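Student: Pasting in a structure now, in structure tokens, and then I'll have a few things to ask.
The values are calculated or read from the model by the stated rules, or taken from the named source; none is laboratory data. Please read these numbers as outputs of a predicted model, since none were measured by experiment. Heads up, the Cβs are rebuilt from the backbone with ideal geometry, glycines too, and the neighbour counts pull from every protein chain shown. Just the protein is used for accessible areas: all its heavy atoms, side chains included, with ligands, DNA and RNA removed. Shrake-Rupley method; radii C 1.70, N 1.55, O 1.52, S 1.80 Å.
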Amino acid sequence: MKAFESKHRILILGASGFIGNAIYKELCAYFKTYGTYRIPKKIYEDNHHFFQYNVEEDDVYEVLEATKPSIIISCLRGDFNAQTIAHHHISEYILEHDCKLIFLSSANVFDAYSKYPSYELDKTLSGSIYGHFKIKIENLLLRLPKKKVAILRLPMVLGSQSPRLKEIKQHLHDKTAIEIFPNIIMNVTTDSKITQQIHYIINRNKFGIFHLGSTDLVHHDEYIKDIISLISSKNGVVYKHVYTTNEDRYLAVLPKFNKLPKHLEITSKEVLDDLLK
Ligand SMILES: NC(=O)c1ccc[n+]([C@@H]2O[C@H](COP(=O)([O-])OP(=O)(O)OC[C@H]3O[C@@H](n4cnc5c(N)ncnc54)[C@H](OP(=O)(O)O)[C@@H]3O)[C@@H](O)[C@H]2O)c1
């Protein structure tokens, strides 16, 4: 029998995804951990801790009733309207039960601002449909009792298994153009650092808004080029330069008020090192 750290029962919505699966692997040895997947796969069908769930077709309440979580971690993608309804139902469950939600949000909740990096208490404002959607869910969650919610705002998430790295490798293989944004200054992180941070947030019962970007900032174009020189010796890589504005634009989330301990911080160089693991 496993020695579980606590009585927590954890439900990860989107546990078959890049970040959700990394979180599942980190937590399942310590807590009773359940997860959802959308696309049927034998590995999940055979695992009694996994439930098939499609946000557009299924009622999340059924998964909640079946798993009775004390912590829900939302790592979903899918139709925005359906996700909004699901998060309304999750909010009702949280109000009625001894349960907390950890929601993966994005630096895009600030993508309408350009001149500075963003901190936890800055007002959100987005110019994108994705950013608007994340703000809507955040605002819904911020109406819940504050100790019951952790909102994690993530920048670009990389890792050896990240879809973004796979996409870059595919472009290199196909000799097709890789998009770079010379005006964007951003921060980055890895799936493995996020899983450590979430484990800490659970163990220490932390709540509130967390900005989980690297401590330093990088230019998008230079960083993508650094990644490419790390994983390939190819010359003649094709780039497509995308200019969204004439001036530099920040898409960076930095912590000021709700900081995690030093060992849970990451630098952009450490993110690069992680890609080769
Ligand atoms: N990756 C990043 O750089 C990044 C940055 C900022 C924020 N985030 C946020 O982090 C979360 C996880 O991102 P990710 O990169 O790990 O995404 P991902 O790899 O695409 O995983 C998405 C998860 O959601 C599930 N899913 C997709 N459509 C669904 C639907 N219609 N109904 C139910 N489940 C569905 C997927 O199941 P299947 O695998 O079965 O399709 C998978 O488990 C998202 O909320 C995203 O907005 C990610």
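Student: Search the structure for amide H atoms under 5 Å from the amide H of VAL149, placed 1.01 Å from N in the peptide plane, and list their residues when 5 or more places away or on another chain.
Tutor: Counting only residues 5 or more places away or on other chains, the set is LEU101, GLY208.
Student: Another question, if that's okay. Quick check: residue separation of ILE39 and VAL242 times 0.36 nm, minus the Cα distance between them. What number comes out in nm?
Tutor: 69.8 nm
Student: Taking the Cα centre of the chain as origin, sum charge times position over the Cβ atoms of Lys and Arg (+1) and Asp and Glu (-1), and report the length of that vector in debye to the nearest 20.
Tutor: Magnitude of the dipole: close to 640 debye.
Student: Which residue, LEU104, HIS87, PRO117, has the largest displacement toward the positive end of the dipole of region 82-140 when charges sit on each Cβ (Lys, Arg +1; Asp, Glu -1)?
Tutor: My answer, from the dipole projection, is PRO117.
Student: At 1.4 Å probe size, put SER128, SER214 in order of accessible surface, largest to smallest.
Tutor: SER128, SER214
Student: Using a cut-off of 10 Å between beta-carbons, work out the net charge of the residues near GLU120 (Lys and Arg +1, Asp and Glu -1, GLU120 not included).
Tutor: +2
Student: Could I ask something else about it? Can you work out ³J(HN,Hα) from phi for every residue in region 148-153, in order, using Karplus 6.51 cos²θ - 1.76 cosθ + 1.60 and θ = phi - 60°, giving whole Hz and x for Gly and Pro?
Tutor: Result, rounded to whole Hz: 9, 9, 10, 9, 9, 8.
Student: Let me ask you something else. If I take R0 = 30 Å and measure r between the Cβ atoms of ARG77 and LYS259 in this structure, what FRET efficiency does the formula 1/(1 + (r/R0)^6) give, to the nearest 0.05?
Tutor: With a Förster radius of 30 Å, E is 0.60.
Student: Within straight cross-link reach of LYS269, meaning Cα distance under 26 Å, which lysines are found once same-chain residues fewer than 8 apart are removed?
Tutor: Answer for LYS269, where 26 Å is the Cα cut-off: LYS25, LYS115, LYS166, LYS169, LYS193, LYS225, LYS234, LYS240, LYS256, LYS259, LYS277, listed by chain and number.
Student: Oh, and also: Tabulate in residue order the Karplus-calculated ³J(HN,Hα) for region 80-94, using 6.51 cos²θ - 1.76 cosθ + 1.60 with θ = phi - 60°, rounded to whole Hz; enter x for Gly and Pro.
Tutor: 5, 5, 5, 5, 5, 4, 4, 6, 5, 5, 4, 4, 4, 4, 5
Student: Counting only DSSP beta bridges with both residues in region 105-257, what percent are antiparallel, rounded to the nearest 5?
Tutor: Counting only bridges with both partners in region 105-257, antiparallel ones make up about 10 percent.
Student: At ASN235 and GLU222, where each label point lies 7 Å from the Cα along Cα→Cβ, what is the point-to-point distance in nanometres?
Tutor: It is 2.5 nm.
Student: Calculate the dipole size of region 98-191 relative to its Cα centre from +1 charges on Lys and Arg beta carbons and -1 charges on Asp and Glu beta carbons; express the result in debye to the nearest 20.
Tutor: 320
Student: Here is a follow-up. Convert 20 °C to kelvin, take the viscosity as 1.002 mPa s, use the Kirkwood radius over C-alpha pairs of the chain as Rh, and evaluate the Stokes-Einstein diffusion coefficient in µm²/s, rounded to a whole number.
Tutor: Answer from the Stokes-Einstein relation: 109 µm²/s.
Student: Quote to one decimal, in nm, the extra length available between LYS269 and LYS68 on full extension: 0.36 nm per residue of separation minus the C-alpha distance between them.
Tutor: That works out to 68.4 nm of additional length.
Student: Between ASP174 and GLU96, what is the spin-label point distance in nm, taking each point 7 Å from the Cα along the Cα→C-beta axis?
Tutor: Distance between label points: 4.6 nm.
Student: Loop-only check: which GluC sites (Glu not before Pro) in region 191-277 are DSSP coil with at most 13 other Cβ within 10 angstrom?
Tutor: For GluC sites (Glu not before Pro) across region 191-277 that sit outside H, G, I, E and B with at most 13 neighbouring Cβ atoms in 10 Å, the list reads GLU247.
Student: Could you give the length gained by full extension between ARG143 and GLU57, i.e. 0.36 nm per residue of separation minus their alpha carbon distance, to one decimal place?
Tutor: 28.3 nm
Student: With a cap of 11 neighbouring Cβ atoms within 10 Å, and only residues DSSP puts in a loop, list the GluC sites (Glu not before Pro) found in region 1-73.
Tutor: GLU57
Student: Per residue of region 263-277, in order, report the coupling 6.51 cos²θ - 1.76 cosθ + 1.60 (Karplus, θ = phi - 60°) as ³J(HN,Hα) in whole Hz, putting x for Gly and Pro.
Tutor: Here the 3J(HN,Hα) series is 5, 9, 8, 9, 10, 5, 5, 5, 5, 4, 4, 5, 5, 8, 6 Hz.
Student: Using alpha carbon centroids, what distance separates region 212-249 and region 34-55, in Å?
Tutor: 35
Student: Could you pull out the longest piece of the chain with no exposed loop chymotrypsin sites (Phe, Trp or Tyr not before Pro) in it, calling a site exposed if DSSP puts it outside H, G, I, E, B and it has at most 12 other Cβ atoms within 10 Å?
Tutor: 1-242
Student: Quick one: grab the alpha carbon gyration tensor of region 218-277, order the square roots of its eigenvalues as a ≥ b ≥ c, and give me rounded if a/c is under 1.5, else prolate or oblate depending on whether a/b is larger than b/c.
Tutor: oblate
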